[in-house]
Structures are given as structure tokens and as C-alpha cells.
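**Student:** So that we are looking at the same thing, I have put the structure below in C-alpha cells.
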Amino acid sequence: MFGKIAAFELRYQFKNPVFWVVTTVFFLLTFGAATSENVRIGDGGNILANSPAALAETTIILSIFFMFVTTAFVANVIVRDDDSGFGPMVRSTRVSKFDYLIGRFTGAFAISAIAFLTVPFAVWLGSYMPWVDPETVGPNVLSHYLYAYFLLALPAVFLTSCLFFAVATITRSMMYSYVAVVLFLVLYLAFSAATEFDPDLLLFSAYAEPFGGAAYEYVTRYWTAAESNSMMAPFDGVLLANRLIWLAVSLAALAFAYSRFSFAERGSSKRKLVKQQKKAALLAKEKPALVETLPPANPAGSTWARLFTRTRFEMVQVFKSPAFFIIMFIGLIFSVVGLLFNTVPYGTPAYPRTFYVIGMLEGGFTIFPMIIAIFYGGELVWRDRDRKMHEIVDSTSLPNWAYMVPKTIAVVGVLLAALLLSMVAGLLVQLGKGYTDFELDKYLKWYLLPGTVEMVTLGILSVFVQALSPNKYIGWGIMVLYMVATITFNIIGWNHPLYLFNRGIPVPLSDMNGDMVGGTGAWWLRLYWGAFAAILALLAHLVWRRGTETSLIPRIKQLPRRLISPAGGLLAIFVAVTAASGVYIFNNTNIINEYAAPDDTDKLLAEYEKKFLKYETIKQPSFTDIKLNIDIYPADKKMNVSGSADIVNDTGAPVKELHIRFQDPEIDVKSMTVPAAKLAMDDQEFKYQIYRLDTPMAVGETRSIAFKASRHTRGFRARGNDVRLIENGTFLNNS
């Protein structure tokens, strides 16, 4: 019976959406850390991404945050029967306490262990990605992966499973179980902070730290980078003792949970039953009021009322789900930790001004909204069919949009909750660093409003994909491919905002200039992608799945007929807005300004070296005096400059040619005057000119050259908007 119960629990948890959410979250986090410089878990430096040290550190750090996941699985074992109403029936069977309790715990722990397998798998897979620099990865050694998983990860997962299984057994409450998780995490972080920098406490911390990180660090603290890249710490001494100590604690917690568990009904349930009986008796005494006349029919009003009711229903289902709280907890913790680590650029703590914290949030809190949109888009669109209620629901008189809009609003609601939570993380980090000037207006203008538009766009995409997909899992797969493609395209340089969905223009924020640099272009992109998302929403409405038909082709065949409607008119309007805004953006990013991907910049530098490296050793005169007349027009983002420069031949030999180059690519050279010389070469691409002197400059001779140039920033760019010549705070140098 024990094996059957454990197998049942394992099968049940495999079908649990929480399992698929957390495996996706932890896979993508680890995959991003292994393949991108923008995502970091632990230290970098000379340590290879798949080295033993990186595997150990990644495993230990993620196992700490994985306790939110293990709690979701093991606490659910205790409270599920009572919440579903099957508790009394289970208690009436002849199954033994050991088989029932330990069997279900074993199944829940097994699913946790399986979910954590995505971490080493993501490191292994990431090491083979074509865009990863080969110098940052080493050979994949199976024993290193097995060490990290079985000796570091599994004991940590087992510990948190036992601890919070005991908490759930005592409290019979998911909420109190999560409160215990948060409390445990706070105590752990406080313990780590108190012992990390005290040499006298290093050995004590190595024994007492529950996840093995301090013990592993104690053993390897004097290792070189070569040793960290080639071997795991010996599993003996302090490290072995640490694992054995906490294995004993785990078993003790499990034994305590077993001793406290009882098949008897909880007292709170009896009190609740008595309360319900009293309430029913009170209602039975009341006489129903007689209705003399019915209210007049109001079909339009009833449609809106039912729309409101469905929206409220969808959002309640979302915000009450365990997956929502798990994602929010993980998102909050990772945001806080990410902000704490990222506010120390170049080894110097940065003052946590609001504009700086917002920049960190925009760079770090990106993966969670995608995961939320993917998961809830599938859950909400397919929930009625998963529960075999779709034929009843679809037979009502509500139009398609009354089904599609509430589900979209619910997805967007979760995304906005995540956005607000990330802002809370920013405020907490500011407060923790002693910064109390909470500029909520800047959070609203620079973070929440732009983020809201982007969250709405992302939510609509998720619902649209699920509306066209033949089943939920294919829809999830398409969205995951979209997410991976977005990361991949961005890494390899295919990141023009006009074709990378929901891509914006980077806006460097500052207290001096606000969002002046690039802000206008960013809002044009939000209009473009917002209008495109509206097109997707209208198409989802027009091809919405009703009844038993799941095939897409019959719905597409009905699309021309359905376009002859107000929805078709709206679709035409949004197509026009998308096209017009797209043309305007393209004109700014590709016509007025030149678009260059990161790889194009590298190719340009390489081409420059190929062309002009041959002149590297040519000796040239030196400047002795420069006079400049600069006119700056800040409102127009324009500068005109005219000047002269005196040069002296201090090379020790006659000079026959002058090589002149303007380094700033934004400079437009109007004229260059070199007396008694002829222009031998004029490379407009690199602004490189060669003048052949009529009479070579003698040693010690002085001559003068004159020039005129201008610099004018027009429109906006797709990336790298000019921060030197702006309306407030122009900064120009000698280049």
C-alpha cells in the first residue's frame, strides 16, 4: 500500500500546474545564468560557467529558494484532503498511518527532487549553446553533476521538505506553512550576515549552516581558479559532518510530523460545522420576501453585468491559487537579492537613488512576467475545458469577447501584481540602505506606467497564442519558444524593436534629465506594440473556440464573415495605427539615424583596423595650440564648431603627409583647410583624411590647420541614444 500511495501522489503532483511552473522558472533562471552575462547566480570572474565551483554554488543558492517549491508540494499533502472534502472518507479506510502519511510525503519529495533536476540540466544544455563564448565553459564531467545534485541539492530539498511538512502537520494550513518559510529564510539570511565576515565563526558556520554552502566554502576558501574549475571539494571532514547533522535534523522533523499527525478530525472543522448549522437554522426561520413585479429587461446591461461577474470570477481563481503566491514569493526574493548585489557597481556601493533602482529592476525583473503570462494564459483559456464545463459555458448567449476579455484581464492583473511587487522590492532595498526619499511619482511615471503597457501587451499575446493552439501544452510550448527566441535573438544581435515583439528602446534615466533621452521613442514603440497587441486581441475574439470544435481551420474559414462587424472596423483602425507608427519609428531609427546591431559595431571596428592598421607606425606632428568656437543649441540638440590647430613637426624627420581623423561618429565635417596641401584620400565612413603636403614639413616647423564641423541629434535611435548633446546637461569632450 505504501508504494501505491507514493506512486499516486507522484502522479497527482505531475499533473499539478505548480510542478510545471516551478520547473520552467528554475530551468530558465539557471539557463540564463549559464548562457548570458545579464543573468548571474553567484560569482563570476575566472570561474567557468559549468565548472565544479559554479555547479556547487548555483545548486546551493537555488536550493535555498527552492524551499518555496518543496513547501507547495509537501504541505499540500496535509491540507488537500480537508480542503477537497475527502478527508472523512480517507480517515474511514483501513490504510495505516505510516502508509498514508509517509507514502504521500515520499511522493511529494520525489516530485520536488525531479523538479530540481532542471537546474543541472539547464547548466549542461547551456554549455552547448552556439552563442556562448567557448572560453567561458569547460568540459562537462558527469561526476561533477552527480556530486552537486546528490550530495548538495537532494539533502537540502529533503531538509526543507521535512521541516515544512512538520509545520503543515501542526498548523494544517498552507498560509502558515508559507509564513514559516519566510521566517526561516529571514533567520537564515540574518545568520549568514552575522557569521560571514567573522573569522572566529567560520568553522561554526560551516557546521551550522543548513544548506552546506558555508561548509563547501570553508573547504575551498583558498582554492585557485584552476582548482575550482577542475574538481569538487572532498566529501569528508567538515562538509560530510554538515550533511550528516542536517540529515539527522531532517529525519527528526519527519518523525515529529509523524508523531503529531492524527486521522481524527480537526477541532476547527467541527467548530466550522456547528457555525454553519446555526447559520442554516437562522436562515430557515426567515421568510422570503415576495416579489410583486419583475424589473424591466435590459439585455445590454445584463451583458456588461455578466462580463463584470466573469472578470471577477477569473481574477479570484487566479489570485487564490497556490502558484500565484509561489511565483510572487520567488519573484520578490529574487528581486531583492538581485538589487542588493547589483547596487555595488565596480566594487563601490551606489547611492540607491530611485532612477538607479528602476534601471536595475528593468534589467533584472524580466523573466518572471514572461513565466506568469505563459502559465496563466494556458490555465485561464483552457480551464473550462480541463474541467469539462466548456459545453455548458459556451452555450450561453455571451459574445466571444465576453469570454476572452475577462481571461486577458486576469492574466494582466497577475502581471501588474508582479510589477507592483518588484517596485516594493525596490523600496525595501532603498529602505534597507538607509534611503528614505521614496519618489513614488518617479516610480509611477518611469516604471509603473510604461510597465503596465508592456504587461498588457504580453498578457494579450499569451491569450492569443492559447486561443489558436489546439491544446494548452502546445500553447505553452510556443510561448516558451518565443521566450527562448527573444533571449537568443537579443544575444546574437537580432534585436531591432520593430520586429522583436514588445521590444522597447533603452531609456537611461537620471534625476537631471528624467526620461528625456530615448523616452519619446520608447513611447512610440509602446504605441506600436500596443496597437499590434490590440490586433491580436481582436483576432483572438474572432476565432475564439466555442463548443466541441477545437480545430483552427474551420474558425479561420469563418473569419471573413466575422470581419463584417464592429470588430472588423476596429481591426482596420489598429492595423492603420500599427502601420503608421511603424513607418514613423523606422524613419527615425533607420533613415534619420543609422541602425547598427552590436555585431555591426564589431565588424566596423574590424574593417577600420584592416584599412588603416598599415598607417600605425607613421609619425605625425603634435598639436601645440587649439582654438575652438563652439555654438550649442540645447533645445535643438545641435552644435556648430569652428576652430584652428597649430601643429609642430617633432618627429625628427620631414613629414610628407598629414593623417587627420574625427573620432566622434556623430560629427559632420563641413570643411577642412590644410594650407599648401592636396587631399589624397577622403574616407567618409571612418572620417579619415590624408593630405599630401606640397612641401614636406621640416623638423621643428610649425603650421596651422582649420576646420568646421557640426553635431546634430535628430529623432531617436533603436539603441544607444545620444547622451552627450541633450537639452539639459550637454557633455562634449575633445573627441
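**Student:** On full extension of the chain, what length is gained from D599 through M129, given 0.36 nm per residue of separation minus the C-alpha to C-alpha distance?
**Tutor:** Numbers: separation 470, 0.36 × 470 = 169.20 nm, distance 1.77 nm.
Contour length minus Cα-Cα distance gives 167.4 nm.
**Student:** Under a Cβ-only charge scheme (Lys and Arg +1, Asp and Glu -1), can you give me the dipole magnitude of the chain about the Cα centre, in debye to the nearest 20?
**Tutor:** Working: 65 positive and 57 negative charges, 784 e Å.
About 3760 debye.
**Student:** While we're on this one: So if I take the centroid of the Cα atoms in the range 643-679 and the same for the range 624-639, what is the distance between those two points in Å?
**Tutor:** Rounded to whole Å, the Cα centres lie 19 Å apart.
**Student:** Another question, if that's okay. Assuming R0 = 56 Å, what is the FRET efficiency of A580 and V182, from their Cβ-Cβ distance, to the nearest 0.05? Walk me through the numbers on the way to the answer.
**Tutor:** On the way: r = 49 Å, r/R0 = 0.88.
The computed FRET efficiency comes out at 0.70.
**Student:** Count charges around P506 for me, please; just the other residues with Cβ under 9 Å from its Cβ, Lys/Arg as +1, Asp/Glu as -1. Provide the component values of the computation, followed by the final result.
**Tutor:** Details: positive: R719; negative: E362.
Counting the neighbours of P506, the net charge comes to 0.
**Student:** Could you check how much of the accessible area of the chain is carbon and sulfur, as a whole percent, using a 1.4 Å probe? Please report the intermediate quantities before stating the final value.
**Tutor:** Numbers: 24150 of 37640 Å².
Roughly 64 percent, rounded to a whole number.
**Student:** In terms of the ratio Rg/(2.2 N^0.38 Å) built on C-alpha atoms, what value belongs to the chain?
**Tutor:** Numbers: Rg = 32.5 Å, N = 735, 2.2 N^0.38 = 27.0 Å.
Normalised Cα radius of gyration, the chain: 1.20.
**Student:** Hey, got a sec? Which GluC sites (Glu not before Pro) in the range 574-626 land in a DSSP loop and have at most 16 other Cβ atoms within 10 Å?
**Tutor:** Values: sites: E594, E607, E609, E616; in loops: E594, E616.
Within the range 574-626, the qualifying GluC sites (Glu not before Pro) (loop, at most 16 other Cβ atoms within 10 Å) are E594, E616.
**Student:** Can you work out the FRET efficiency for the pair L552 and E439, with r the C-beta to C-beta distance and R0 = 60 Å, to the nearest 0.05?
**Tutor:** Values: r = 48 Å, r/R0 = 0.80.
For R0 = 60 Å, the calculated efficiency reads 0.80.
**Student:** Let me ask something additional. For a test of the definition: using alpha carbon positions, the gyration tensor, and the 1.5 limit on a/c, classify the range 590-735 as rounded, prolate or oblate. Provide the component values of the computation, followed by the final result.
**Tutor:** Numbers: a/c = 2.53, a/b = 1.51, b/c = 1.67.
It is oblate, given that a/c is not under 1.5 and a/b is not larger than b/c.
**Student:** Using a simple spin-label model with points 7 Å from Cα along the Cα→Cβ vector, what separation in nm is obtained for D625 and R562?
**Tutor:** Label at D625, label at R562, 8.0 nm between them.
**Student:** Mind scanning K320/K433; K619/K670; K320/K472 and naming the pairs with a C-alpha gap bigger than 28 Å?
**Tutor:** Over 28 Å Cα-Cα: K320/K433.
**Student:** Specify which residue in the list T624, M328, S173 is farthest towards the positive end of the charge dipole of the chain, using unit charges on the beta carbon of Lys, Arg (+1) and Asp, Glu (-1), about the Cα centre.
**Tutor:** Result: S173, furthest along the dipole toward the positive end.
**Student:** Using the reciprocal of the averaged 1/r over all distinct C-alpha pairs, how large is the Kirkwood radius of the range 443-601 in Å? Don't skip to the end; give the middle numbers.
**Tutor:** Values: mean 1/r = 0.0567 Å⁻¹.
Over the range 443-601, the inverse of the mean reciprocal pair distance is 17.6 Å.
**Student:** Please give the contour-minus-distance gain from A572 to F256: 0.36 nm per residue of separation, less the Cα-Cα distance, rounded to one decimal in nm.
**Tutor:** Numbers: separation 316, 0.36 × 316 = 113.76 nm, distance 6.59 nm.
Residue separation times 0.36 nm, minus the Cα-Cα distance, leaves 107.2 nm.
**Student:** Hey, got the Cα dimensions of the range 650-735 along the principal axes, in Å, largest first?
**Tutor:** Largest to smallest, the principal-axis extents are 47, 23, 18 Å.
**Student:** So, for the chain, what is the accessible surface per residue at a probe of 1.4 Å, expressed in square angstrom? Mind dumping the intermediate values first?
**Tutor:** On the way: 37640 Å² over 735 residues.
Per-residue accessible area for the chain comes out at 51 Å².
**Student:** Moving on. Could you compute the FRET efficiency for L146 and L500, with r as their C-beta to C-beta distance and R0 at 51 Å, rounded to 0.05?
**Tutor:** Efficiency computed from Cβ-Cβ geometry: 0.85.
**Student:** Okay, next question. Want the number for S710 to R387: 0.36 nm per residue separation, take away the alpha-carbon distance, what's left?
**Tutor:** Working: separation 323, 0.36 × 323 = 116.28 nm, distance 6.78 nm.
Taking S710 through R387 to full extension adds about 109.5 nm, to one decimal.
**Student:** Projecting each Cα onto the charge dipole of the chain (Lys/Arg +1, Asp/Glu -1 at the beta carbon, about the Cα centre), which of I660, A597, I374 comes out farthest on the positive side?
**Tutor:** Toward the positive end, the furthest listed residue is I374.
The values are calculated or read from the model by the stated rules, or taken from the named source; none is laboratory data. The structure displayed is predicted, hence computed values, not measured ones. Quick reminder, even Gly has a Cβ in these numbers, built from the backbone with ideal geometry, and neighbours come from all protein chains shown. Side chains included, ligands, DNA and RNA excluded: accessible areas come from the protein's heavy atoms. Shrake-Rupley method; radii C 1.70, N 1.55, O 1.52, S 1.80 Å.
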